[in-house]
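Down below is the structure, laid out as structure tokens.
The values are calculated or read from the model by the stated rules, or taken from the named source; none is laboratory data. Everything quoted here is computed from the prediction, not taken from an experiment. Quick reminder, even Gly has a Cβ in these numbers, built from the backbone with ideal geometry, and neighbours come from all protein chains shown.
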């Protein structure tokens with residue numbers, strides 16, 4: 001979703017306690033049955049801005065339902081971390097509402113991003129950050145019964 005952009009569209013999320021939700025892609029699963037650290041690492045198409053859902057306006061369950069239902073994307077469930085977890089690893093987190101045409105169901109006022117642009121050229125650092133976040137996240141904050 002960050003394709004073609006140079007930065008976040010909104011202010012930094014200053015409250016360290018704000019819950020930020022991340023969806024677990026079915027391909028990013030470890031052999032021992034845990035979400036892999038790849039879930040917390042941007043891909044090249046992200047351009048350093050990893051998509052999250054802002055917990056102030058969307059619960060873990062609602063984030064999953066929006067991702068899978070409205071956007072039609074795949075997810076095994078939601079992982080949730082406070083803004084402090086990202087910030088303590090040198091990343092800023094920002095509001096990043098997605099707005100298209102009026103009434104478009106793909107509008108996402110709860111969209112947020114973790115800004116990895118400062119470490120995009122340092123694969124070791126990106127990997128270390130994503131592994132730390134994976135450990136801190138623990139288990140799912142929401143997982144549908146069918147998953």
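Would you please name the residue that is modelled with the lowest pLDDT, looking only at residues in the range 31-46 that are surrounded by 18 or more Cβ atoms within 10 Å (Cβ to Cβ) and more than 16 Å from residue 136 (Cα to Cα)?
46
If I filter the range 101-139 down to residues being part of a loop (DSSP other than H, G, I, E, B), surrounded by 11 or more Cβ atoms within 10 Å (Cβ to Cβ) and in contact with a helix residue (DSSP H, G or I) (Cβ under 8 Å, 6 or more places away or on another chain), which single residue comes out as modelled with the lowest pLDDT?
Ranking the qualifying residues of the range 101-139, first place goes to 106.
Residue check, residue 73 against (1) touching a strand residue (DSSP E or B) at 6+ places or on another chain (Cβ under 8 Å); (2) under 20 Å from residue 135 (Cβ atoms); (3) assigned to a loop (DSSP other than H, G, I, E, B), all met but one. Which one?
For residue 73, the exception is condition (2).
For the range 36-65, which positions are touching a strand residue (DSSP E or B) at 6+ places or on another chain (Cβ under 7 Å), farther than 19 Å from residue 94 by Cα and not in a loop (DSSP other than H, G, I, E, B)?
Result: 61, 64.
Before we move on, is residue 144 under 23 Å from residue 68 (Cα atoms), at pLDDT 90 or above and surrounded by fewer than 17 Cβ atoms within 10 Å (Cβ to Cβ)?
Working: under 23 Å from residue 68 (Cα atoms): yes; at pLDDT 90 or above: yes; surrounded by fewer than 17 Cβ atoms within 10 Å (Cβ to Cβ): yes.
It is true that residue 144 is under 23 Å from residue 68 (Cα atoms), at pLDDT 90 or above and surrounded by fewer than 17 Cβ atoms within 10 Å (Cβ to Cβ).
Based on what the data block shows, is residue 19 over 20 Å from residue 145 (Cα atoms) and out of contact with any strand residue (DSSP E or B) (no Cβ under 6 Å at 6 or more places or on another chain)?
Working: over 20 Å from residue 145 (Cα atoms): yes; out of contact with any strand residue (DSSP E or B) (no Cβ under 6 Å at 6 or more places or on another chain): no.
Against the criterion (over 20 Å from residue 145 (Cα atoms) and out of contact with any strand residue (DSSP E or B) (no Cβ under 6 Å at 6 or more places or on another chain)), residue 19 does not qualify.
Exactly one of (1) surrounded by 15 or more Cβ atoms within 10 Å (Cβ to Cβ); (2) without any contact (Cβ under 8 Å) to a residue 60 or more places away in the chain; (3) within 18 Å of residue 16 (Cα to Cα) is unmet by residue 90. Its number?
Every condition holds for residue 90 apart from (1).
For the range 85-100, give me the residue count where each residue is assigned to a strand (DSSP E or B) and modelled with pLDDT of 85 or more.
Start the filter on the range 85-100 by keeping residues that are assigned to a strand (DSSP E or B), which leaves 92-95, 98.
Narrowing the set further to residues that are modelled with pLDDT of 85 or more leaves 92-95.
Qualifying residue count for the region: 4.
Looking at (1) loosely packed, with under 12 Cβ neighbours inside 10 Å; (2) touching a residue at least 60 places away in the same chain (Cβ under 8 Å), which one does residue 24 not meet, given that it meets all the others?
(1)
Going by the conditions given, is residue 50 buried (at least 19 other Cβ atoms within 10 Å of the Cβ) and more than 13 Å from the chain's Cα centre (by Cα)? Step through it out loud before you land on a result.
On the way: buried (at least 19 other Cβ atoms within 10 Å of the Cβ): yes; more than 13 Å from the chain's Cα centre (by Cα): no.
For residue 50, the condition - buried (at least 19 other Cβ atoms within 10 Å of the Cβ) and more than 13 Å from the chain's Cα centre (by Cα) - is not met.
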